[in-house]
1. Search the range 50-61 for residues that are surrounded by fewer than 21 Cβ atoms within 10 Å (Cβ to Cβ) and pair each with any residue that is acidic (Asp, Glu) when their beta-carbon atoms are under 6 Å apart and the residues are at least 6 apart or on different chains.
2. Restricting to the range 55-90, name every residue that is assigned to a loop (DSSP other than H, G, I, E, B) and in contact with a helix residue (DSSP H, G or I) (Cβ under 6 Å, 6 or more places away or on another chain).
3. If Val162 satisfies all but one of (1) more than 20 Å from the chain's Cα centre (by Cα); (2) surrounded by 13 or more Cβ atoms within 10 Å (Cβ to Cβ), what's the number of the condition it fails?
4. Within the range 274-293, restricting attention to residues that are under 18 Å from the mean Cα position of the chain (by Cα) and modelled with pLDDT of 95 or more, which residue is farthest from Ser212 (Cα to Cα)?
5. Could you say whether any residue in the range 96-110 is in a loop (DSSP other than H, G, I, E, B) and surrounded by fewer than 16 Cβ atoms within 10 Å (Cβ to Cβ)?
6. Just need a number here: residues in the range 235-267 that are at pLDDT 90 or above, under 22 Å from Arg295 (Cβ atoms) and among the basic types (Lys, Arg).
7. Being loosely packed, with under 15 Cβ neighbours inside 10 Å and over 30 Å from Trp53 (Cβ atoms): is that true of Gly258 here?
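The values are calculated or read from the model by the stated rules, or taken from the named source; none is laboratory data. This structure is a prediction, so every number in the text was calculated from the model and none was measured. Glycine also receives a Cβ, built like all others from the backbone with ideal geometry; neighbour counts cover every protein chain displayed.
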Amino acid sequence: MTQTRDLGVESGVGVTALMVAAARAIETHRSDSLAADPYAEHFVRAAAASVAWPTRPWEVPGGDADPLWGRLGRYFGLRTRVLDDFLLHAAATGVRQVVLLGAGLDTRAYRLPWPAGQVVHEVDRGGVLEFKDQVLGALAGDPCAPVPMAPAPRRRVVAADVGHDWAGPLLASGFDPAAPTAWLAEGLLLYLPPEVELRLLRTIDDLSAAGSVLAYEVKFGLGTFQSRANPVYAAAREQIGVDLLALFDRRPRPDSIGLLGKLRWHVTVRTPYDFARCHGRGPRPEPDDALATNRWVFAAKP
């Protein structure tokens with residue numbers, strides 16, 4: 001694929017979207033895959049920063065023993081599957097409105113089997129969304145592309161920074177605050193200042209009708225283990241030049257779970273290992289574990 005010009009995915013938090021896309025591409029081609037994203041590898045190949053990264057399991061030196069593309073990659077594969085299931089369950093119960101906050105290079109609007117009438121709003125910075133649309137547009141117009149573009153539901157692109165005013169642009173895109181919504185903030189809150197995290201959740205509450213659901217990821221105690229020496233973070237720096245710890249907001253995380261409880265949401269907190277056991281594959285606990293403090297939060301507004 002012809003590489004696109006840099007539109008905000010070649011540096012900073014944007015490059016982590018490419019990292020997750022590469023992990024999803026690798027997961028797609030595993031014999032025991034938990035999730036399939038046939039579009040992911042095309043994003044990786046279209047950006048100069050990631051063009052040499054692996055997109056197949058057999059391209060990873062060391063295989064599953066590799067801390068980045070093995071262990072962390074399997075984490076992203078598991079997370080993709082769990083959150084896919086979350087959204088599809090919401091759709092099966094009649095929720096016809098989805099909002100992907102910090103959507104990045106997520107392609108759920110195309111690859112999931114949505115029911116008729118589903119609307120998917122993708123909220124992210126304009127450059128990231130433009131890069132995504134360039135890559136997907138090239139696939140749609142290429143008769144030799146190995147992955148033909150499936151018809152998408154009513155996908156609505158919302159160019160906005162979730163750290164600032166995103167509610168206004170979302171409403172302008174046709175979002176209906178009177179209808180139940182499935183909200184997803186996948187891999188987003190790790191990068192936000194504490195006050196922005198709480199503001200984002202309050203805004204979600206303000207825009208959520210009864211019957212809405214929410215899933216997001218948090219990380220507690222970031223400084224309680226040997227962070228920079230941890231194999232996952234060291235491998236990211238050495239193999240792809242991404243210093244994840246420099247991108248995370250290192251301040252103590254706010255009590256977002258407590259806030260949702262005060263706002264009368266019903267909240268469930270799970271660990272990734274809960275789902276690894278459910279599915280029989282995925283990352284397992286290990287010493288000096290970079291994933292041990294990750295939690296996946298699921299909430300419902302009665």
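1. As it stands, the answer is Val60/Asp66, since those pairs meet every condition given.
2. Passing the criteria: Thr55, Val60.
3. Of (1) more than 20 Å from the chain's Cα centre (by Cα); (2) surrounded by 13 or more Cβ atoms within 10 Å (Cβ to Cβ), only one is false for Val162: (1).
4. Ala276
5. Taking the range 96-110 as the starting set, the residues that turn out to be in a loop (DSSP other than H, G, I, E, B) are 96, 102-107.
Then keep just the ones that are surrounded by fewer than 16 Cβ atoms within 10 Å (Cβ to Cβ); that gives none.
No.
6. 2
7. Values: loosely packed, with under 15 Cβ neighbours inside 10 Å: yes; over 30 Å from Trp53 (Cβ atoms): yes.
Here the answer is yes, as Gly258 does meet what is asked.
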